[in-house]
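Asker: One structure follows; several queries about it will come next.
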Amino acid sequence: MGGIACGLGGGIDSGKKNHVKKSQRDAPASKDVYLALLVKLYRFLARRTDSSFNKVVLKRLFMSRVNRPPMSISRIARYLKANEGKTAVLVGTVTDDSRLLEIPKLSIAALRVTDAARARILAAGGEILTFDQLALRAPTGKNTVLLRGPKNAREAVKHFGAAGVPGSSAKPYVRSKGRKFERARGRRSSRGYKN
């Protein structure tokens, strides 16, 4: 009888799923050898220093390109205005902004800097550091400002959601923007509704 009871009972249900896969990355998907060396360096710094800066930088080095949005020099200049004498740290690309006529002297550490941005920063007497140079200068992230670009500024994000539905502001995928393209229902009160 005892055997039957055991068989029916099964085991203790802990209420937790077994073999739950960790969803966050623990290494970059890229095969870039230089990125792998940076990961090695920041893995060491994240482990051996009690600085959360290094942990954040390491996590961002693992990220996909979509999650490492670019940032323009004008935005970096705006953030550094309140943080005089500090180094801007961006795990991503620094891009040029032709609308900014005069560039202040900037100190930037980034994964990549476009040619136009690099030329303008250096011409203004600024400096561009790589992450290994930054690790020597600020191993715990002292006197730095950790920045990241606007993730939702991508064109693709404008199209998220159902376009043409009342109350929606999602951008439709249209072949051309003109008089003959998607200008009837949803665009005029006389044709169903006006959004």
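The values are calculated or read from the model by the stated rules, or taken from the named source; none is laboratory data. Only a predicted model underlies this, so the values are computations on that prediction, with no experimental measurement involved. Methodologically, a virtual Cβ is constructed for each residue, glycine included, from the backbone with ideal geometry; neighbour enumeration extends over all protein chains shown. Heavy atoms of the whole protein, side chains included, go into the accessibility calculation; ligands, DNA and RNA do not. Shrake-Rupley method; radii C 1.70, N 1.55, O 1.52, S 1.80 Å.
Asker: Taking segment 88-97 only, how many residues are within 12 Å of residue 74 (Cα to Cα), assigned to a strand (DSSP E or B) and not hydrophobic (A, V, I, L, M, F, W, C)?
Answerer: Residues that pass the stated criteria total 1.
Asker: Something else about it: Give the residue, chosen from 160, 181, 131, that is closer than 30 Å to residue 49 by Cα and aromatic (Phe, Trp, Tyr).
Answerer: The conditions single out 131.
Asker: Name the residues in segment 46-65 that are assigned to a helix (DSSP H, G or I), under 13 Å from the mean Cα position of the chain (by Cα) and among the polar types (S, T, N, Q), would you?
Answerer: Selection gives nothing.
Asker: Assess whether residue 171 counts as being assigned to a loop (DSSP other than H, G, I, E, B), at pLDDT below 95 and either open to solvent by 80 Å² or more (accessible area, probe 1.4 Å) or touching a Pro at 6+ places or on another chain (Cβ under 6 Å) (or both).
Answerer: Yes.
Asker: Hey, another quick one. Contact list please: Cβ distance under 8 Å, first residue in segment 115-144 and on the phi > 0 side of the Ramachandran plot, second residue hydrophobic (A, V, I, L, M, F, W, C) and open to solvent by less than 80 Å² (accessible area, probe 1.4 Å), pairs at least six apart or on different chains.
Answerer: Once the first residue is on the phi > 0 side of the Ramachandran plot and sits in segment 115-144, its partners that are hydrophobic (A, V, I, L, M, F, W, C) and open to solvent by less than 80 Å² (accessible area, probe 1.4 Å) give 141/53; 141/57; 141/89.
Asker: Also: Just to check your reading of the model, which residue among 147, 134 is touching a Phe, Trp or Tyr at 6+ places or on another chain (Cβ under 8 Å), modelled with pLDDT of 95 or more and either acidic (Asp, Glu) or under 20 Å from residue 106 (Cα atoms) (or both)?
Answerer: 147
Asker: Do we find a residue being more than 26 Å from residue 29 (Cα to Cα), open to solvent by less than 50 Å² (accessible area, probe 1.4 Å) and touching a residue at least 24 places away in the same chain (Cβ under 8 Å) anywhere in segment 52-71?
Answerer: So far as segment 52-71 goes, no, none of its residues is more than 26 Å from residue 29 (Cα to Cα), open to solvent by less than 50 Å² (accessible area, probe 1.4 Å) and touching a residue at least 24 places away in the same chain (Cβ under 8 Å).
Asker: Further question on the same structure: Would you pick out the residues in segment 174-195 that are open to solvent by 90 Å² or more (accessible area, probe 1.4 Å), in contact with a strand residue (DSSP E or B) (Cβ under 9 Å, 6 or more places away or on another chain) and in a loop (DSSP other than H, G, I, E, B)?
Answerer: The answer is 188, and nothing else.
Asker: So, in segment 153-179, exactly how many residues are touching a residue at least 12 places away in the same chain (Cβ under 8 Å) and among the charged types (D, E, K, R)?
Answerer: 3
Asker: Go through segment 72-90 and count every residue that is in contact with a strand residue (DSSP E or B) (Cβ under 6 Å, 6 or more places away or on another chain) and open to solvent by less than 40 Å² (accessible area, probe 1.4 Å).
Answerer: Of the residues in segment 72-90, 7 are in contact with a strand residue (DSSP E or B) (Cβ under 6 Å, 6 or more places away or on another chain) and open to solvent by less than 40 Å² (accessible area, probe 1.4 Å).
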